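A.B. asks: Okay, handing you the structure first.
Readers should treat all values here as calculations from the given coordinates under stated rules, not as data from a laboratory. As the structure is a computational prediction, the values presented were derived from the model and not from experiment. Backbone-built Cβ (ideal geometry, glycine too); neighbour counts: all protein chains shown.
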Amino acid sequence: MASHGVPRTSAPTERTPQAQAAELQKIQEYKDLVELVNTKIRQREYTADTLALISKLLKRNPEYYSIWNHRRLVLQQLFSDAQQAAQIKQPITSSNDTTSHPESTPDNATTDAAPATHPTQYPASEQIELLLISDLHFLVPLLREFPKCYWIWNHRQWLLQQATHLLPVPRVRRLWQEELGLVAKMLSMDSRNFHGWGYRRRVVAELESPELQGTSMAEDEFSYTTKMIKTSLSNFSAWHYRSKLIPRLLNERGASREERRKFLDSEFNLIQNALWTDSADQSLWFYHAFLMSELSTTPSTSSSSSSSSPSTSSSSAIIPDLSPTERVALLSRELDNIKEMLEDEDEDDTDTAPAERKYIYHALVQSTLEKQKWIRAVEAHAEPKAIADDKDEVQSWISKLRALDPFRMGRWDDVARQVDDLYA
Amino acid sequence: MPSDESLPTLKILLIGPSGAGKSALLLRYCDDLFDSESSTATIGVDFRLKKLSVRGTPYRLNLLDTAGQERFRTLSHSYYRGAHGILLMFDMTNRESFLSMGRWYDEAETNALPGVVTYLVGGKLDCHDFRVVSTEEGEALAQQHGSRYCEVSSKTRENIRRPFVELVHEIVNNPSLMQMVKRPGEGGRSLDVKREDPYIFNGCNC
Amino acid sequence: MDSLSGTFWDVVIAGTGLQQSLLALSLSRSGKKVLHADKNRYYGGFEAAFTLQEAEEWLNKGDEDSPLRPFRKASSVPQASLDGSNKAPKLSARAYSLALSPQLLYARSSLLQALISSKVYRQLEFLAVGSWWIYVPRDRSETGEALTSSHGELKKVPNGREDIFSDDLIDLRSKRSLMKFLKFVADYENMSEVWSDYASIPFSEFLRSRFGISMSLQAPLLALTLSPVSPSETPTSFALPRIARHLRSMGVFGPGFGAVLPKWGGGAEIAQVACRACAVGGGVYVLDEGISDVSNAPADQGEMPGQVGSSAHHPVAVTLSSGETVNTLWLVGSPDDIPKKSGTTRSGNEPESPTREEVTSKSISIVSSPLTGLFPQTAEAGPVPAGAVVVFPPETLLTEEKVAENQPPVYIMVHSSDSGECPSGQCILYSSVFISGDEGQATLDLAVNRLLSSLGEDPKSCLLWSMRYSQQGPSLHSGVVSSCEERSPGQIFFPRSSNGLAFDDELLNNVKCAYEKIVGSDNEDSSFMAFSDREVPTSYMSDEE
């Protein structure tokens, strides 16, 4: 709305006959190019020239997926050309030096067991690397222009897989490392690019893999999500990635119970800070719900009255052995924090948007229900008066939710039933 | 083979008094055309592009003409920004044209980057009979300013490529100049204002 | 010298200031015969950018007597370095490009849109203006020092939601209040019920009573308005559109910033590039050629062959300072470039300006260090900015003998060497305050000193050179909108450029106003500044050595 309200400069509306003719000519050129590429492929002309034609075509239309297949065919031919040429050039009587210098020649007599692409011998690796790098470079402006085109990302991954097969480990690592830099750049331009985030996770997995002699990057990636969140709070992918990294991170740190408790508190601080800044942002409530779910796994001493409880998740990833008492304390603290957000506001406050209040009431209802379950787990006989107070409050929140979002009546009925069951 | 747009681009300016034959030189060099009738600068052309390979490395030349702003010596500072090379051109059949070159050198040296490559060109080599500037004079002036010198005729094509080739040669052999050669997309710290960022920063998520 | 009088001009533009140059650009594809002249030897008028040498020449020229000259009391102060020696360091004069009216350009501004649609942006480079800083005196109760102490520090102004989130000094409740305000301002046009009662009331009062935003948090919001006057004189109706402009521009060209500056001196560079575009389109340029007289052209010049319809008036005869007289249908310029038309009935009176004009004191200082701390990266993987804005809220510059009433703030725009305006290792401070005369200059000196000492650089940064001047321009906050004005047939006057710190969209409206008078307003809207790229003749034949 506000950010999009300014009209962009208008394109020329009326098109001259010349412009139309030029447009038609462009279309014809494109058709000719498609025809030419298809002919070359039919004739198995898998050459550098054909590759250049394909590049030209893909620049105009990167969504044309079968052309990407053609491109891979041609590249594979060029790779094997390079390998063959290298073998012809190299005298059979080359040195026995079998170190992984790219210049070194495989001694065919002694490497029968090794397949041609065995990762320690690279007769043509330099040339293949050049081909791969130039293809990777070819994709960059395309990605910039069409960041959401699946085929470009797909082809990129294929190129890097080829690198893994055909090049020595240090070089492959370098390529993947550069890839991480590229993804960071792409994400800095469009931090919510979903493809970009998924791709980042694959790149990281590759760099961590034993094949590339990698080690865990969980710490770095965790800091990266912090930076990206500070750049844009609404970055759902960053919050999501963060939640996925936490269990690994804590395990790799070998975190003690106390450290885990501190960690949980600092994450709650972070999200409270964020929610106080902007409680209308759904991404933040997602992460808040994630942290709350860490507190609200189903009590092990099963309570008969909570039969309708949907939660059956496994033990908390952040603190595996939270006691019911701790849970109640933490849930109460969070409840108070959220309640405070509503404190200064009167009933028909127009400053807080309806969507925002909906998130708040919903979180309040959910947290109270969880808290009540754990209270019941702590003491068989909870203070009846406290429970009754809670109940009135919860019911008032539910009626607010009904008013704010009448389209989800069924959902609110459901929640109301849960409340009735719980306080029965 | 990289496409033309991705070639390193060298910015080359032409300066010199009106009527020296700057536009004719460009037209002949780029399009191999010569129009003996046309005496005014082409209107509507901001710059010309030409691909030139030196020692097997291709470069894209971005050639800028004065757009008539030399007439009253009103070229702006901004015309000189980022230039790697400057061709200074005069008319060998016009003594005044030659005598003005000192001031053109001054202007180039004042406005261009230190280290910019300059090259002096005497035009209208075909008009032998009307020639009023000797080769020695041209060479002396060029030497005085650390430039090379050559004489060309856009009409007969004589020497037409030489100033460009030699100028580019000298540019690409100068590491500090080549440091500022940009490829498209490498804006340094400058921003791409055409491409609007999808990134929305303010508090409004609407 | 070639003769100019042999041509009957469609338009003579006097002065190469930004408005005139943009007009030239807008006419560059119109087919109109344009003669563009400037009385100065340089481009840019009040928006000019100077090398050190040019700046010294300009300062020495001294135009103090003329009431129409906007710059007064100019002086330069070369300063000795602080290492004890009295020898001023030698500065390479050519390495500087000092802008007389440095202005920042918001991403969402019609000027930037016009630079893009007219394609001249390709000849320009834009750099990010990153952080806004506020000078905060150190807590006196802590240090026991007087208010006048020069100790203080710079605090970053939150630029939006993420900055508020990351700022540990703001408590949670205030974060919520601030965000409520920011969300409101993003859509303030549609929420007049929230602010219409406060429109003419001081903005700070609005923030306090409507959003519960405390004094300490008001300063950053006031800084974003770039208001030239004190908070008590800055009404809500002035502040809201300016804060909205700031916020709406955020992130448009990259994360964490919303304003840019054109490299090499801002408006000066835009003016030069616009003039070249007009020259490429056939416009003729003359510098060092003012206009000494204007009159009606002789009657026999009235009907020029080939002149069609757009004007019903007589041509204008314009006498240039060289003595040559040229005839033109239109003469366009500011009152500083065009003398009062002689021989008209309206003689004797000063041309009345529709706008209130006022004087701003300015200074330009070259600093001996890059002040890198002022230019943090705008965001993760965002650009390194070349510009920063430092704001001194009024109360921070009070001297003991002075009363607080209506003291205006001081703004210092800091440009790093990336701006192309100084050599690397240095930076430029462009300071301004809406106080005239010696008092204004003293206030600026104080602010510059405090800025440098607050940064605590080691060795301490010092001023290598500085110049002072004052500029008269239309009032920014009076609310009177000026536009182009046809004072007599065929003569179009632009108002002077404003003293604002950001390019005002009004400027482009003035240009459009003149453009429409010249080409006729029946033209389609889109033809104003909307050009396709000029065809670039490309030789594809590779030239092998």
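A.B. asks: Mind giving me the FRET efficiency for residue A:63 and residue A:414? R0 is 41 Å, r the Cβ-Cβ distance, nearest 0.05 is fine.
C.D. replies: Plugging the Cβ-Cβ distance into 1/(1 + (r/R0)^6) gives 0.45.
A.B. asks: Residues of C:182-190, mean number of Cβ from any other protein chain within 10 Å of their own Cβ, rounded to a whole number?
C.D. replies: For peptide C:182-190, the averaged partner shielding equals 5.
A.B. asks: Give me the inter-chain shielding for C:31-42: mean count of other chain Cβ atoms within 10 Å, whole number please.
C.D. replies: Mean shielding count: 1.
A.B. asks: Under 16 Å from the 7 Å Cα→Cβ point of residue A:157, by amide nitrogen: which residues of region A:133-150?
C.D. replies: Residues A:148-150 qualify, since their backbone N sits under 16 Å from the label point.
A.B. asks: Continuing with the same structure: So how far apart, in nm, are the two label points at residue A:205 and residue C:216 if each is 7 Å from Cα heading toward Cβ?
C.D. replies: 4.8
A.B. asks: Taking neighbour counts of Cβ atoms within 10 Å as a proxy for exposure, in what order, fewest first, do A:217, A:189 appear? Before the final figure, lay out the partial values.
C.D. replies: Working: A:217 16, A:189 20.
Ascending number of Cβ neighbours within 10 Å: A:217, A:189.
A.B. asks: Just order C:29-37, A:160-168, C:389-397 by mean Cβ neighbour count inside 10 Å, highest at the front, would you? The partial results should precede the final answer.
C.D. replies: On the way: C:29-37: 21.2, A:160-168: 18.3, C:389-397: 22.8.
Sorting C:29-37, A:160-168, C:389-397 by mean packing, highest first, produces C:389-397, C:29-37, A:160-168.
A.B. asks: On to the next question. Which net charge results when you count Lys and Arg as +1 and Asp and Glu as -1 among the other residues whose beta-carbon is under 11 Å from that of residue C:94?
C.D. replies: On the way: positive: none; negative: B:109, C:54.
Residues close to residue C:94 contribute a combined charge of -2.
A.B. asks: I'd like the Karplus ³J(HN,Hα) series for region A:62-69: coefficients 6.51, -1.76, 1.60, θ = phi - 60°, whole numbers in Hz, and an x wherever there's a Gly or Pro.
C.D. replies: Each residue of region A:62-69 in turn: x, 7, 7, 5, 5, 5, 5, 4 Hz.
A.B. asks: Here is a further query. Among B:125, B:110, B:20, pick out the residue whose Cα is farthest towards the positive end of the charge dipole of region B:7-205, where Lys and Arg carry +1 and Asp and Glu carry -1 on C-beta, about the Cα centre.
C.D. replies: Working it through, the farthest residue towards the positive pole turns out to be B:110.
A.B. asks: Oh, and also: Would you mind ranking C:275, C:422, C:484 so that the residue whose beta carbon has the fewest other beta carbons within 10 Å leads the list?
C.D. replies: On the way: C:275 31, C:422 25, C:484 20.
Result, fewest neighbours first: C:484, C:422, C:275.
A.B. asks: Which three numbers, in whole Å and largest first, are the semi-axes of the equivalent ellipsoid of region C:161-249 derived from its Cα gyration tensor as √(5λ)? Could you put the intermediate results ahead of the total?
C.D. replies: Numbers: eigenvalues 74, 40, 34 Å².
So the equivalent ellipsoid measures 19, 14, 13 Å along its semi-axes.
A.B. asks: Taking each residue in A:228-237, count the Cβ atoms of any other chain within 10 Å of its Cβ, then average. What number comes out? Present the calculation step by step, with values, prior to reporting the outcome.
C.D. replies: Numbers: counts 4, 4, 6, 12, 12, 8, 6, 1, 0, 0.
So the per-residue partner count for this stretch is 5.
A.B. asks: Take peptides C:316-329, C:42-55, A:30-43 and line them up by average Cβ neighbours within 10 Å, highest first, as a rough protection proxy.
C.D. replies: Values: C:316-329: 18.6, C:42-55: 23.7, A:30-43: 14.0.
By packing density, highest mean first, the sequence is C:42-55, C:316-329, A:30-43.
A.B. asks: Just to verify a number: FRET efficiency for residue C:406 and residue C:151, C-beta to C-beta distance, R0 = 25 Å, to 0.05? Show your work: numbers first, answer last.
C.D. replies: Details: r = 25 Å, r/R0 = 1.02.
Rounded to the nearest 0.05, the efficiency is 0.50.
A.B. asks: For the pair residue A:261 and residue C:449, what calculated FRET efficiency results from E = 1/(1 + (r/R0)^6), where r is the Cβ-Cβ distance and R0 = 51 Å, to the nearest 0.05?
C.D. replies: Working: r = 50 Å, r/R0 = 0.98.
Plugging the Cβ-Cβ distance into 1/(1 + (r/R0)^6) gives 0.55.
A.B. asks: Return B:136, A:129, C:57, C:516 ranked ascending by Cβ neighbour count within 10 Å, so the fewest neighbours appear first. Before the final figure, lay out the partial values.
C.D. replies: On the way: B:136 8, A:129 21, C:57 13, C:516 16.
Fewest-to-most ranking of B:136, A:129, C:57, C:516: B:136, C:57, C:516, A:129.
A.B. asks: For the pairs C:61/C:460; A:230/A:339; A:59/B:50; C:362/C:460; A:230/C:119; A:227/C:180, flag any whose C-alpha to C-alpha distance is greater than 32 Å.
C.D. replies: Details: C:61/C:460 34 Å; A:230/A:339 25 Å; A:59/B:50 23 Å; C:362/C:460 24 Å; A:230/C:119 35 Å; A:227/C:180 24 Å.
Check vs 32 Å cut-off fails for C:61/C:460; A:230/C:119.
A.B. asks: State the three equivalent ellipsoid semi-axes of region A:156-214, derived from the C-alpha gyration tensor as the square roots of 5 times its eigenvalues, in descending order and whole Å. List each step's numbers first, then the result.
C.D. replies: Numbers: eigenvalues 93, 21, 18 Å².
Over the Cα atoms of region A:156-214, the semi-axes work out to 22, 10, 10 Å.
A.B. asks: What is the Å³ per residue value for the convex hull set by the Cα atoms of region B:1-144?
C.D. replies: Details: hull volume 19.5 nm³, N = 144.
Per residue, the Cα convex hull of region B:1-144 comes to 135 Å³.
A.B. asks: Also: Using a 7 Å offset from the Cα along the Cα-to-Cβ direction at both residue C:357 and residue B:6, what is the distance between the two label points in nm, to one decimal?
C.D. replies: With each label point 7 Å from Cα toward Cβ, the separation is 5.6 nm.
A.B. asks: For the pair residue A:269/residue C:5, report the inter-label distance in nm, with labels modelled 7 Å from Cα in the Cβ direction.
C.D. replies: 8.2
A.B. asks: Net charge near residue A:218, counting Lys/Arg +1 and Asp/Glu -1 over other residues with Cβ under 13 Å of its Cβ? Let's see the in-between values first.
C.D. replies: Working: positive: A:201, A:242, A:244, A:248, A:253; negative: A:208, A:219, A:220, A:221, A:252.
Counting the neighbours of residue A:218, the net charge comes to 0.
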